[in-house]
Amino acid sequence: MNKKTVSAKSEKVELEVLNPRGKIEAVPASSPSPRLTALDGKTIGLYSNSKPGMDNFYTVFEELLKKKYPTVKVKSMRGAFLIRDDDVRTLAKEADAFVYGVGD
Amino acid sequence: MAGTVKLEKLGIPGVFMVCNTFADDARSAAADNGMPTVRRREISSAEFYKLRGDVKTIRPLVEGIFDALTNALTSPLTPEEAKPVQDKKGGDDLPAEIAVKAESYRVALEEFNQLYLDKRWGDGLPLIPPTPDALKWMLSGTSRNPYEVLGTINPKHGIATIEKIAINAVMAGAKPQYLPVIIAAMEALADETFDDLHILASAGSFNLLLVVSGPIAEEIGMEAGIGFMGHGWRANNTIGRAIRLSTLNIGHTWPGINDMALTGRLSPHTFYTFSENTELSPWKPYHASRGFRADDSCVTVAPIHGESQLQHFYGGMIGTWTAQGVLDRIVEDLLRGSRRGLFMWGTKGVGKYPGSGGGSMNHMIILFPELALEFKKMGYDQKSLQDEIYKRVSVPYDELNPAEKKSIQTAMELGVVPAERKPVFQAALKPGAMVPLLMSPENLHLFVAGGVPGCAFSFNYYRIPPYNQTALMTRLITGATLTKAGATGGKNVPYGA
Amino acid sequence: MSKKSVELVVLNPRGKVEARSAFAPNPRVKDLAGKRVGLYSNGKPGMDNFYIVFEELLKKKFPTVTVKLLTGSFEITDRDAKDWAPQIDTFIYAVGD
Amino acid sequence: MAGTVKLEKLGKPGVFINCDTFDDDAKSASHDNGMPTVRRRIIKSSEFYKLRGTVKDIRPLVEKVFDDIIGALTKPLTTEEANPPEAKEEEDGPPEITVTAESFPVAIEEFNQQFLEKRWGDGLPLVPPTTERVRWMLSGTARSPHEVIGKVNPRQGAATIEKIAINAVMAGAKPEYLPVIIAAMEALMDENFDDLHILVSAGSFSLIIVVGGPIADEINMNSGIGFLGHGWRANNTIGRAVRLATLNIGKMWPGANDMGLTGRVSPHTFYTFAENAKLSPWKPYHASRGFKAGDSTVTVATIGGSSPMQNFYGGMIGTWTVSGILDHMVADIIRTDRGLFGLWGAKGVGQYPGSGVGARSHFILLFPELTEELNKMGFDQKSLQDEIYRRTSVRYEELSPADRRGIQTGMETGIVPPERKAVFQEALKPGGMVPVLITPENLHFFVAGGAPGCAFSFSYFRLPPYNRIAVLTRLVTGATLTKAGALE
């Protein structure tokens, strides 16, 4: 059991107190996927949690994307804050890269 | 964040776009989800929230971040990103004990309080030092093993053990005889189907109702009379505060960091914690209506909306009242509110489950003892009053607009309407029929609390919460060693409605 | 708690309430016959019903009684008190709270 | 009770009828009003509240108590009643209490339980107010510990700086918060402020305590995300010091003489927060109340208990526009206040015409981004008050005769202040627009919250039931540990 001591100027008394924090299990760390070399000809998934305003953001984003990469395709998807498993599968099948914005 | 990590794990390179207010939240969520180096790009909340209203106003913002977003998809991962450092074990980098030294105990108490608050282990009000002796004293209230794990608490999935809960209960100022109640409430919150995330972290400053029913309430001195939601009642106040501190410390939340409640909650240190007024109620306790034995002692935990939380149905000295009049007001209020939400029944939901975070609601209605007595004279018990209100909170099919009809239809297809309720709505969706605006009579939760005089009011919340399956749970109190009630194990009733 | 080695001396947080001189109520009326009885209420719902019944019972028992009803604020205002006092011999004060 | 004693003092024998729930309250009020032996008769609340709805229902109850009430008027006073004991000065016990235990932690538990049993606590752990800790607390103010700043209802306990400091220690406050706590108490105890209604009324009314000016930042108050919530020692313990100081100095207890039926929301801390000076483009709120912008102040205002938060949205809760939020605000005020015209002329429930009924005050919390936009549109607090005041008017032709009569009576009885009369005389004509608010100054704007934020409001009677005012801003003075609030 490790113990830490915090002292004020004078040390006549000692109050021993316990740690109230919950232990968090270590989660094995994994790394993100390798990036694409270029976006040309690729399908980009644009995911939003349907919160207001994200649609406007993506409208402009898609326009800029297609201007810069005319061969790019866009797959827009609106769903839950935390993407549902069936949406994950769809996006994984159809998109080569994705932007995930939750408008929060 | 979990969604982004899910997609990354399927091999698609992506980027998580987040407002800067939530940057800390996102960083810590990335680590929690096992991908600390997931690519994130920030936009200014101040600009985004203001400009997102239409395409024209948001254009400069999107232009500003465009390259950063596309680069995040194409610029190769750095060696650090590709080989993220293993996250440290959450609790293990922290000492198990801390010694605070000072010239006197009075000063040590101040030093301890400031230290714990600086670590974000406190709630802003004075804490009782959780010394080993105090912990032992607190644990004397339960026969359960200190190392028993009840589950985990969001957002960081900290492990809730009896011991950690007891440490937080000491800090809250609770007494050992309250501990079994606190444990039962934490069991509900840590239950794997319960949506603790929304109430603990959502921007909407949602809140909790903690209602104790059955004989233990009186044995531990809970207040159910005049002022029952207010100050001055050690049992009510410190049981609620033990839940505040346990969730904060075991789930590792902090306001503005990963608890994003914009205004902060009302009664933030204690939630709304009270007991049913068993002495004056003519009915069996609430939990009996949920399948428990009347003489069981239980805790019911229910998230509630944060704003406008008290819908008054009058009563008591506030005006003259009749039970019929109060009942009419309850029905009117539910009709008005529920009709507004009807078009939302058929939504996919904001979370994983169809209909989550929208659509039909749970209503937690607090009745005062005199009113319950009158209802009883009129022949009602909880069950028949639920049925009566349910029946009256319905509208003629012919008055529904097409969107509302479609919404109910979709809700049946998506399973938002549970299988056993389907025949009801199939029969209702016909010319001449009445369509209920509540999913089931069991979505009306009737508690008897308050003194003489009293007043009736209600809270509400989604029947299906945003991030999990359950938004209201009643748990049996077990393992009590200092009270007659709650001592023996009974049977917990699985969540039904 | 065998050895009480620690002593905590704490201060009283309660406000001092000044001593007030105590007044006695007035001598009672001998009986109500012929008297003017004031019935005061603060207009909260229900006291009107109470006083309707009360007045009826009063007049049955003391036919020569006169009733003076007054509805006013929770605490009777100085002006109401001064106006009303000369019109009554005795009173009932109820605030329906 | 004060009314009964008033009539007794005018020479009339009387009887006070109270419900049993309020018996402790009535008994203690009879002492406080200097007539401990006043005749009281008790009826059962459980019966009265239920039966009073109709004459038929209440008959058996009146029949039962009738003889007893008559007896109270006719049975001669007993010797004890005729010679009531002289009241003594009271402080509820010795100036100091000693708690002994085997260890300091056990002593803290004993102390907490003892104080709560005496009804000197609020249900959550207290810090022991030792001489040394109280001295520490008093180091935050230059004011004399013995200075009396006023009396607290309902028992009229004397509030000295020292008693406030003792309660501040118990609340867990720090010395640098003390000047703010003192200023809040000064507001509550102002001779015109209605502290009685918020402290004891059955309606569970509550308080907002808003700190404005540079001291808020210096003592580390939170005015960003979560500003009404937990985790902020300054916000939480300043509010709690006011909770404990009123409870202990005014001597009240829930269910005994504090009759809040449900109990208040945020009962231990009230709603205590600071304006967000860093992000607000405006001068602080108090500048709109005649203070200098650089002053540090505390504003205390009573608010309704039942539906404290009316949301106008903003922030991440939805897309928003300034005009959308303004529309929402205007619609909300019209909806709640439009129906009150008829009551403008009501006598009032208290001493003053119109007290506790009629027109309202609104306390509106704006978040920084919204204020930034309002500022760009050219609004400051003053012009926004004017704008909303103007827009929350209704056409004269839409008023019912009762509405018109209400306003007219309000003007005659002085409920509408003389300087506002011209406005309403002008409005009460065909083609006129009648404001639902009596003056633009009944709109109080505070800038608080972070980014994102959301706008919401509280409201309360413009004229409180038992005194003249229910919102007051006080200068913070005498601070020794902060730069702000140091000067008188």
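The values are calculated or read from the model by the stated rules, or taken from the named source; none is laboratory data. Predicted model only: the values in this text are computed from it and were never measured. Note that we place each Cβ from the backbone using ideal geometry, even for glycine, and neighbour counts take in every protein chain shown. With ligands, DNA and RNA removed, areas are computed over all heavy atoms of the protein, side chains included. Shrake-Rupley method; radii C 1.70, N 1.55, O 1.52, S 1.80 Å.
For segment A:70-79, a residue qualifies if it is within 20 Å of B:Met1 (Cα to Cα) and open to solvent by less than 40 Å² (accessible area, probe 1.4 Å), and the qualifying residues are A:Met77, A:Gly79.
Checking the condition of a type in the set (Asp, Glu) and open to solvent by 40 Å² or more (accessible area, probe 1.4 Å), which residue from D:Glu81, D:Glu109 passes?
Result of the check over D:Glu81, D:Glu109: D:Glu109.
Would you point out the residue of segment B:18-69, among those that are farther than 26 Å from D:Leu370 by Cβ, assigned to a helix (DSSP H, G or I) and more than 7 Å from every other protein chain (Cβ to nearest Cβ), that is most open to solvent (accessible area, probe 1.4 Å)? Only one residue fits best here, namely B:Arg27. Evaluate segment B:240-255: report whether one residue or more is over 17 Å from B:Leu127 (Cα atoms), free of Cβ contacts under 8 Å to residues at least 24 places away in the same chain and not in a helix (DSSP H, G or I). Among the residues of segment B:240-255, at least one is over 17 Å from B:Leu127 (Cα atoms), free of Cβ contacts under 8 Å to residues at least 24 places away in the same chain and not in a helix (DSSP H, G or I), which makes the answer yes. Of all the residues in segment D:194-211, those that are in contact with a Leu (Cβ under 7 Å, 6 or more places away or on another chain) and either part of a helix (DSSP H, G or I) or surrounded by 24 or more Cβ atoms within 10 Å (Cβ to Cβ) (or both) number 3.
Okay, residues lined up against (1) open to solvent by 10 Å² or more (accessible area, probe 1.4 Å); (2) among the polar types (S, T, N, Q); (3) in contact with a helix residue (DSSP H, G or I) (Cβ under 9 Å, 6 or more places away or on another chain):
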site	(1), (2), (3)
D:Gly140	no, no, yes
D:Val148	yes, no, yes
D:Arg155	yes, no, yes
D:Lys174	yes, no, yes
D:Met189	yes, no, yes
D:Asn192	yes, yes, no
D:Gly213	yes, no, yes
D:Glu218	yes, no, yes
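Only one residue in B:Arg241, B:Arg234 is within 14 Å of chain D (Cβ to nearest Cβ), touching a strand residue (DSSP E or B) at 6+ places or on another chain (Cβ under 9 Å) and basic (Lys, Arg). Which one? So the residue among B:Arg241, B:Arg234 that is within 14 Å of chain D (Cβ to nearest Cβ), touching a strand residue (DSSP E or B) at 6+ places or on another chain (Cβ under 9 Å) and basic (Lys, Arg) is B:Arg241.
Assessment of segment A:44-51 against the conditions (modelled with pLDDT of 75 or more, polar (S, T, N, Q) and closer than 30 Å to B:Ile167 by Cα) yields no matching residue.
Each residue in segment D:114-125 was checked for being open to solvent by less than 40 Å² (accessible area, probe 1.4 Å) and more than 7 Å from chain B (Cβ to nearest Cβ), and 3 of them qualify.
Restricting attention to segment A:47-62 and to residues that are under 19 Å from B:Ile12 (Cβ atoms) and more than 16 Å from the chain's Cα centre (by Cα), the residue that is most open to solvent (accessible area, probe 1.4 Å) turns out to be A:Glu62. Screening segment B:186-210 for residues that are part of a strand (DSSP E or B) and touching a helix residue (DSSP H, G or I) at 6+ places or on another chain (Cβ under 9 Å) and picking the one that is nearest to B:Lys352 (Cα to Cα) gives B:Phe194.
A quick yes/no check of all residues on (1) facing another protein chain (nearest Cβ under 7 Å); (2) open to solvent by 30 Å² or more (accessible area, probe 1.4 Å):
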| site | (1), (2) |
| --- | --- |
| A:Asp40 | no, yes |
| A:Gly45 | no, no |
| A:Leu64 | yes, no |
| A:Phe81 | yes, yes |
| A:Ala97 | yes, no |
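Selection of segment B:15-40 for residues being of a type in the set (Ser, Thr, Tyr) and under 22 Å from A:Tyr58 (Cβ atoms) yields only B:Thr21. Among the residues making up segment D:392-429, those that are closer than 15 Å to D:Arg462 by Cβ and open to solvent by less than 40 Å² (accessible area, probe 1.4 Å) are D:Thr392, D:Gly406, D:Ile407, D:Gly410, D:Met411, D:Ile415, D:Val416, D:Pro417, D:Phe424. For segment B:134-143, the tally of residues that are open to solvent by less than 40 Å² (accessible area, probe 1.4 Å) and in a loop (DSSP other than H, G, I, E, B) stands at 1. Residues that are more than 25 Å from D:Leu51 (Cα to Cα) and crowded, with 16+ Cβ neighbours inside 10 Å within segment C:79-97 comprise C:Asp80, C:Ala81, C:Trp84, C:Ala85, C:Ile88, C:Asp89, C:Thr90, listed in sequence order.
Hey, does segment D:442-451 have a residue that's within 21 Å of the chain's Cα centre (by Cα) and over 30 Å from D:Val180 (Cβ atoms)?
no
Per the conditions (1) within 30 Å of B:Leu482 (Cα to Cα); (2) open to solvent by less than 40 Å² (accessible area, probe 1.4 Å); (3) within 8 Å of another protein chain (Cβ to nearest Cβ); (4) touching a helix residue (DSSP H, G or I) at 6+ places or on another chain (Cβ under 9 Å), the sole criterion not satisfied by B:Ser104 is (1). Here B:Leu280 fulfils each of the conditions (1) crowded, with 24+ Cβ neighbours inside 10 Å; (2) in contact with a strand residue (DSSP E or B) (Cβ under 8 Å, 6 or more places away or on another chain) apart from (1). Of all residues in segment D:1-57, exactly one satisfies the criterion of being open to solvent by 30 Å² or more (accessible area, probe 1.4 Å), more than 7 Å from every other protein chain (Cβ to nearest Cβ) and of a type in the set (Val, Ile, Thr), namely D:Ile42.
Scanning segment B:148-177 for residues that are of a type in the set (A, V, I, L, M, F, W, C), without any contact (Cβ under 8 Å) to a residue 24 or more places away in the chain and open to solvent by 10 Å² or more (accessible area, probe 1.4 Å) yields a total of 1.
In segment C:68-97, the residues that are facing chain D (nearest Cβ under 7 Å) reach residues that are surrounded by fewer than 21 Cβ atoms within 10 Å (Cβ to Cβ) and at pLDDT below 80 with C-beta atoms within less than 6 angstrom, at least six apart or across chains, in these pairs: C:Phe74/C:Asn42.
Residue pairs, Cβ under 8 Å, 6 or more apart or interchain, first in segment B:324-338 and closer than 16 Å to B:Cys455 by Cα and basic (Lys, Arg), second in a helix (DSSP H, G or I) and modelled with pLDDT of 95 or more. List them. Every condition considered, no pair remains.
Can D:Glu162 be described as open to solvent by 40 Å² or more (accessible area, probe 1.4 Å), more than 7 Å from chain C (Cβ to nearest Cβ) and either over 25 Å from the mean Cα position of the chain (by Cα) or at pLDDT below 95 (or both)?
The answer is no for D:Glu162.
The combined condition, being within 13 Å of another protein chain (Cβ to nearest Cβ), outside any helix (DSSP H, G or I) and over 30 Å from B:Ala26 (Cβ atoms), is not fulfilled by B:Thr263. The set of residues in segment D:326-362 being touching a Lys or Arg at 6+ places or on another chain (Cβ under 7 Å) and in a strand (DSSP E or B) consists of D:Arg360, D:Ser361.
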